Amino acid sequence: MNRVKGKTCIVTGAALGIGRACAQRLGEEGAQLALFDVLDEAGRRLTEELQARGISARYWHVDVASERSVRAAIEGVANHYGAVHVLVNNAGVAGANKPTHELSEEEWDRVQAVNVKGVFFCTKHAVPHMQRAGGGSIVNLSSIYGLVGAPDVPPYHASKGAVTLMSKTDALLYAPDRIRVNSVHPGYIWTPMVANHLRDSGATDLEAAREELGKLHPLGHVGEPDDIAWGVVFLASDESRFVTGAELVIDGGYTAR
């Protein structure tokens with residue numbers, strides 16, 4: 001129950017899916033939570049649920065694609081809690097599912113703005129606080145598609161590949177500051193993003209589509225947000241104190257082929 005006790009943890013994209021699960025599990029393990037999202041109703045509802053359980057949590061409206069928004073929120077977290085120890089860069093969008101030659105510049109840029117610049121901005125403004133705290137942990141949500149390719153959503157694949165190498169670079173840059181940086185690579189996890197991706201791909205029966213999607217994984221099923229959240233708890237905690245620059249793959253065997 002105390003794996004991250006006393007640590008101030010920022011979770012971006014915290015309102016739904018993997019981010020929500022990360023917030024819940026980190027909070028149960030003793031974290032002081034700073035929840036970032038643009039989905040204010042869902043974000044505030046989660047915050048209230050956590051507070052009702054005795055978990056320290058506060059919500060900030062943050063557009064991770066805006067440096068001004070990120071800077072102000074992280075300063076607010078540091079002022080409120082006194083320090084920043086953990087950053088979970090989870091916020092992301094899937095983007096348009098079109099072949100590369102049919103994509104517009106705007107469709108491409110939107111995905112990079114959230115998935116890549118968002119990680120950059122949050123890392124940039126969290127690092128000085130972690131340096132002052134004497135160390136920290138940054139957990140970047142990449143994807144199996146930050147490791148292998150597939151014939152769909154080109155902007156998403158590009159963005160997650162970037163996150164993978166950004167994580168390694170920052171792991172090397174900030175190791176002297178005792179700031180660890182690792183990436184997490186989920187397979188298909190049953191979240192609103194995946195459900196919307198299936199609908200956009202033409203699925204009319206979501207349960208049947210979920211079952212077929214599960215068959216892509218050697219374990220035979222799609223994952224749950226908690227499957228990722230527990231990996232994030234490990235990387236946020238001192239249990240992983242000798243882990244940096246690593247790729248934690250949680251994908252039901254998808255990339256083991």
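Expressed in whole Å with the largest first, what are the equivalent ellipsoid semi-axes of the range 13-162 derived from the C-alpha gyration tensor as the square root of 5 times each eigenvalue? Mind dumping the intermediate values first?
Values: eigenvalues 161, 55, 39 Å².
Working through the eigenvalues yields semi-axes of 28, 17, 14 Å.
The range 76-160: Rg/Rh from Cα coordinates, Kirkwood Rh?
1.10
Under the definition of Cα pairs under 8 Å and six or more residues apart, what whole-number percent is the relative contact order of the chain?
Computed over the chain, the figure is 20 percent.
The list [x] 19.6, 64; [y] 17.4, 51; [z] 21.2, 70 gives values of Rg and Dmax of the Cα atoms in Å, and only one came from this structure; which label was calculated from it?
[y]
When the Debye formula is applied to the Cα atoms of the range 132-229, each taken as the same point scatterer, what base-10 log of I(q)/I(0) results at q = 0.17, 0.24 Å⁻¹?
These q points yield log10 I(q)/I(0) values of -0.83, -1.27.
Only helices at least 15 Å long along their own axis, judged from Cα atoms, and with Kyte-Doolittle mean hydropathy of -1.0 or greater: name those in the chain from DSSP H.
17-28, 67-81, 118-133, 154-174, 225-236
In deg cm²/dmol, rounded to 500, what helix-only [θ] at 222 nm does the chain give when every DSSP H run of at least 4 residues adds -39500 (n - 2.57) and the total is split over its residues? Could the numbers behind the result be given before it?
Numbers: 9 runs with 115 residues, N = 257.
Value at 222 nm, helices only, nearest 500: -14000 deg cm²/dmol.
Test of understanding: what is the full-extension gain from Glu102 to Glu224, defined as 0.36 nm times their sequence separation minus their Cα-Cα distance?
Working: separation 122, 0.36 × 122 = 43.92 nm, distance 3.24 nm.
Using 0.36 nm per residue and subtracting the Cα-Cα distance, I get 40.7 nm.
Could you give the dipole magnitude of the chain about its Cα centre, charging the beta-carbon of Lys and Arg +1 and that of Asp and Glu -1, in debye to the nearest 20? Don't skip to the answer; put the middle values down first.
Numbers: 25 positive and 30 negative charges, 194 e Å.
The dipole magnitude comes to about 940 debye.
Read-outs throughout are calculated quantities, based only on the coordinates presented, and are distinct from any laboratory measurement. Keep in mind that what you see is a predicted model, and the values were worked out from it rather than measured. Neighbour counts are summed over all protein chains in view; Cβ atoms, including those assigned to glycine, are modelled from backbone coordinates with ideal geometry.
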